[in-house]
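What follows is calculated from the coordinates using simple rules that are stated; it is not laboratory data. Here the structure is a predicted model, which means the values were calculated and not measured. Every residue, glycine among them, receives a Cβ derived from its backbone with ideal geometry; neighbour counts consider all protein chains shown.
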Amino acid sequence: MRPIIRWTLQQRKSSIIWWCVGIIFFVFLTLVFYPTINSQSAQLNKSFDQIPQTAKQLFTDTSDLFSPIGYLSSQIFYLMMPLILGVLAISLGASLVGKEEHDTTIELLLARPISRTKLLLGKSLAGLAVVLIVGGTSIIFTAVMCRLVGLEVAVMYILEAGLLATLLALSLGVVAFMLTALGRAGRAAGIGLAAAFALGGYILASLSSSITWLRWPAKIFPFNYYHSSELLSGNYNWANAIYFVAVIVACLVISWLAFRRRDLLGS
Amino acid sequence: MADVAIFSEGLSKRYPGTDFLALNKLDLSIKTGEVYGFLGPNGAGKSTTIRLLMNFIQPTAGHAQILGQNIVTDSVAIKRQVGYLAGEIALYPKMTGRQFLDYMSDLQPPKNKAYVNQLAKRFQANLNVKIRDLSKGNRQKIGLLQAFMHQPKILILDEPTSGLDPLMQEEFFKLLKETTAAGGSVFVSSHNLAEVQRMCDRVGFIREGRLITEQSMAEIAAAAARTFTITFEGAPPRAELAAIPGAKVKLSGSGQVNVSLRGELSPLFKVLAKHKVAGIDQQELNLEEEFLHFYRAKDSKK
């Protein structure tokens, strides 16, 4: 199994580096202007108050958009970081096994004495490692940038928010992984359905505080259990994180059950 | 069963969403040290058989064993003894040949590390170039190296010489001989009939998922049409020759005919005895002709 992890990471080395560069660039651009924005926060909050509550909830979960926690939540952790890491996790989830199967290189691997279970486990651990590397880089860089620009949020809370954003991204990635492991849908459908699960869930979860009947369907989706401003202020109920772990475990078990005995796609 | 390398009984496969069997009750028994050729037109079931043996797809019915182990339940153990080459080999284009072989070696450490380099040298494989920059023939060499590098007891090869130049084909045949001399067995699927003729001990003909017949090369040679090029002093007795049962006659020059004869030779020599013959040559067995004859005969029976 170790060679699968090592060589999968080796194959994705340059992609990992560019994802890290991209996310660092995003965090840098977002936070470097914080001192300027902070100096105009009173004026900006006034303008922000004009926006209807329902619309506000699409891009933040706090009423004070320009406080340290409000800014960090709305600009990085509420949507963008989970979205960026989610795109990475979904594309990985759909391609780790899906691309190998589509290109038929999976036959080269399974022609060796390695079980499908180990192949699947090796690929999923490699995917986990990629998301953790990129997620970890973004969390560390965010914490450093916050210090540099004087954005005062406890480092521990930044780490916790980053960890949960990464966990949320992983829960989206395993959905794509499961759909490709099932074999019938294919990579494109894996990406599409996982993206719909992510974005649909985000919209439902965002609107559910204003539209009461959306509260129940919103509970199916991961964004319902992710509250960045609560995380950044240390008020997050970590029992919510069980949802992410449950989704990840359930999708991996379904992937394993489906993949261990099914026909590989032909060349 | 001790000397049986590959065995199958009633092995069948129906793909989901289809109402026909892609492979229909295949019974195979390939001995240790044997090179078995699997011949058939496109879609006959050759690749399905290989993919079943490799446990890439699951049988609908029947069972098969490789070296006495079940292809489904003991697949991992079987792969320790098997070298596999796919028909349209897909490699990792961004890796160099060396990186790719290192990857395969990590998954299945070779018994003798130096052997990999020896093979690369024999096949003049350039391992330092990215696979995407290699020609088809050079990619095929890498494919052969990964199949042979761990010195497997069983080789399952689909179109192994595809893209190789004649020198490399020669090298491949030598390697195959060495493998079988060391007790290895080979299951080879091919469209290249000259290649099959060259390397196989026995051939199975498959069509529409059914194994129609199996024959050793010696049996094929005995039953095959023998072709003679006969030069007469004067006009060839074409009508007499054409009247011989099982004979096909073709003029090939002034005073020269090609006679292709299936069955008894004595009627031919009776005709020749009545005429002045300047020369007679027998051509080598043409498996391609046999292959076409075989399938045409089946077609006409339909």
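Key figures
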{"item": "Antiparallel DSSP beta bridges within the protein assembly as shown, as percent of all bridges there, nearest 5", "result": "70"}
{"item": "For A:109-120, mean number of other protein chain Cβ atoms within 10 Å", "result": "5"}
{"item": "Over 19 Å between alpha carbons, listed pairs B:Lys46/B:Lys94; B:Lys31/B:Lys113; A:Lys118/B:Lys153; A:Lys123/B:Lys141; A:Lys99/A:Lys123; B:Lys25/B:Lys46", "result": "B:Lys46/B:Lys94; B:Lys31/B:Lys113; A:Lys118/B:Lys153; A:Lys123/B:Lys141"}
{"item": "Averaged over B:82-91, number of beta-carbon atoms from partner chains that fall within 10 Å", "result": "4"}
{"item": "Interchain or long-range residues, amide H under 5 Å from B:Val203's placed H", "result": "B:Gly37, B:Gln215, B:Ser216, B:Met217"}
{"item": "Ranked packing of B:84-97, B:45-58, most packed first, by mean Cβ within 10 Å", "result": "B:45-58, B:84-97"}
{"item": "Cα centroid of segment B:1-77 to Cα centroid of segment A:8-41, whole Å", "result": "53"}
{"item": "Kirkwood Rh, angstrom, segment B:225-284 [1 / mean 1/r, Cα pairs]", "result": "11.2"}
{"item": "DSSP-defined antiparallel bridges as percent of all bridges, segment B:85-222, nearest 5", "result": "55"}
{"item": "Test item: B:70-81 mean partner chain Cβ contacts at 10 Å", "result": "2"}
{"item": "Positive dipole terminus of the protein assembly as shown, leading residue within A:Ser138, A:Ile106, B:Val196 (C-beta point charges)", "result": "B:Val196"}
{"item": "Dipole magnitude of the protein assembly as shown, debye to nearest 20 (Cβ charges: Lys/Arg +1, Asp/Glu -1, about Cα centre)", "result": "480"}
{"item": "Two-site FRET efficiency, B:His191 against A:Val253, from Cβ-Cβ distance with R₀ of 51 Å, rounded to 0.05", "result": "0.75"}
{"item": "Summed residue charge, Cβ within 14 Å of A:Ala143's Cβ, Lys/Arg positive, Asp/Glu negative", "result": "-1"}
{"item": "Convex hull of segment B:4-221 built on C-alpha atoms - directionally averaged projected area, nm²", "result": "11.8"}
{"item": "Helix-only [θ]222 nm of chain B, DSSP H runs n ≥ 4, -39500 (n - 2.57) each, per residue, nearest 500", "result": "-10000 deg cm²/dmol"}
{"item": "Eligible aspartates and glutamates near B:Lys136 by straight Cα distance, threshold 14 Å, same-chain separation 8 or greater", "result": "B:Glu88, B:Glu159, B:Asp165"}
{"item": "HN-Hα J in Hz across segment A:249-259 - Karplus 6.51, -1.76, 1.60, θ = phi - 60°, x for Gly and Pro", "result": "5, 4, 5, 5, 5, 4, 4, 5, 4, 6, 7"}
{"item": "Dipole axis of the protein assembly as shown (+1 Lys, Arg; -1 Asp, Glu on Cβ), positive-most option in B:Ser162, B:Leu176, A:Met1", "result": "B:Leu176"}
{"item": "Cα gyration tensor shape for segment A:61-198, rounded if a/c is under 1.5, else prolate or oblate", "result": "prolate"}
{"item": "Chain B - percent relative contact order, Cα under 8 Å, separation 6 or more", "result": "19"}
{"item": "Ascending count of other beta-carbon atoms within 10 Å, so fewest first, for B:Glu264, B:Glu171, A:Glu100", "result": "B:Glu264, B:Glu171, A:Glu100"}
{"item": "Protection proxy ranking, peptides A:197-206, A:247-256, average beta carbon neighbours within 10 Å, highest first", "result": "A:197-206, A:247-256"}
{"item": "Part-to-part distance (alpha-carbon centres) for segment A:199-237 and segment A:110-160, which is given in Å", "result": "23"}
{"item": "Cα centre as origin, Lys/Arg/Asp/Glu Cβ charges: segment A:2-259 dipole, Debye", "result": "740"}
{"item": "Segment B:265-280 - phi-based ³J(HN,Hα) in whole Hz, Karplus 6.51/-1.76/1.60, Gly and Pro as x", "result": "8, 4, x, 5, 5, 5, 5, 5, 4, 8, 10, 8, 9, 8, x, 8"}
{"item": "Descending semi-axes in whole angstrom, ellipsoid equivalent of segment A:2-259, from the Cα gyration tensor", "result": "35, 21, 14"}
{"item": "Gyration tensor (alpha-carbon) shape descriptor, segment A:1-44, a/c threshold 1.5", "result": "prolate"}
{"item": "Taking A:Val153, B:Val76, A:Val175 and counting other C-beta atoms within 10 Å, the order from fewest to most", "result": "B:Val76, A:Val153, A:Val175"}
{"item": "Interchain or long-range residues, amide H under 5 Å from B:Ser189's placed H", "result": "B:Phe38, B:Leu157, B:Asp158, B:Glu159"}
{"item": "Cα-based shape type of segment B:16-94, given that a ≥ b ≥ c are square roots of the gyration tensor eigenvalues and the cut on a/c is 1.5", "result": "rounded"}
{"item": "Sum of side-chain charges, B:Gln81 neighbourhood, beta-carbon under 11 Å (Lys, Arg +1; Asp, Glu -1)", "result": "+2"}
{"item": "Radius 11 Å from Cβ of A:Pro113, net charge of other residues (Lys, Arg +1; Asp, Glu -1)", "result": "+3"}
{"item": "Whichever lysines have a C-alpha closer than 20 Å to that of A:Lys46, once near sequence neighbours (fewer than 8 apart) are set aside", "result": "A:Lys56"}
{"item": "Highest-MSF residue in chain B out of B:Gly137, B:Gly43, B:Gly263 [GNM, Cα springs under 10 Å]", "result": "B:Gly263"}
{"item": "Chain A, helix-only ellipticity at 222 nm - DSSP H runs n ≥ 4, -39,500 (n - 2.57), divided by all residues, nearest 500", "result": "-22500 deg cm²/dmol"}
{"item": "Where trypsin sites (Lys or Arg not before Pro) fall in DSSP loop in segment B:1-40, at most 13 other Cβ within 10 Å", "result": "none"}
{"item": "Dipole of segment B:225-284, positive direction: furthest Cα of B:Ser254, B:Ile280, B:Pro237, with charges on the beta-carbon", "result": "B:Pro237"}
{"item": "Estimated dipole of chain B in Debye, rounded to 20 [Cβ of Lys and Arg +1, of Asp and Glu -1, Cα centre]", "result": "380"}
{"item": "Antiparallel content of DSSP bridges confined to chain B, in %, to 5", "result": "70"}
{"item": "Reach of B:Lys274 by Cα under 14 Å, taken over aspartates and glutamates that are not fewer than 8 positions away in the same chain", "result": "B:Glu233, B:Glu240"}
{"item": "Order of B:Ser105, B:Ser266 - criterion: other Cβ atoms within 10 Å of each residue's Cβ, fewest first", "result": "B:Ser266, B:Ser105"}
{"item": "Per DSSP, loop trypsin sites (Lys or Arg not before Pro) in segment A:146-205 with at most 14 further Cβ within 10 Å", "result": "A:Arg184"}
{"item": "Cα-based helix-to-principal-axis angle, A:186-207 vs chain A, degrees rounded to 10", "result": "20"}
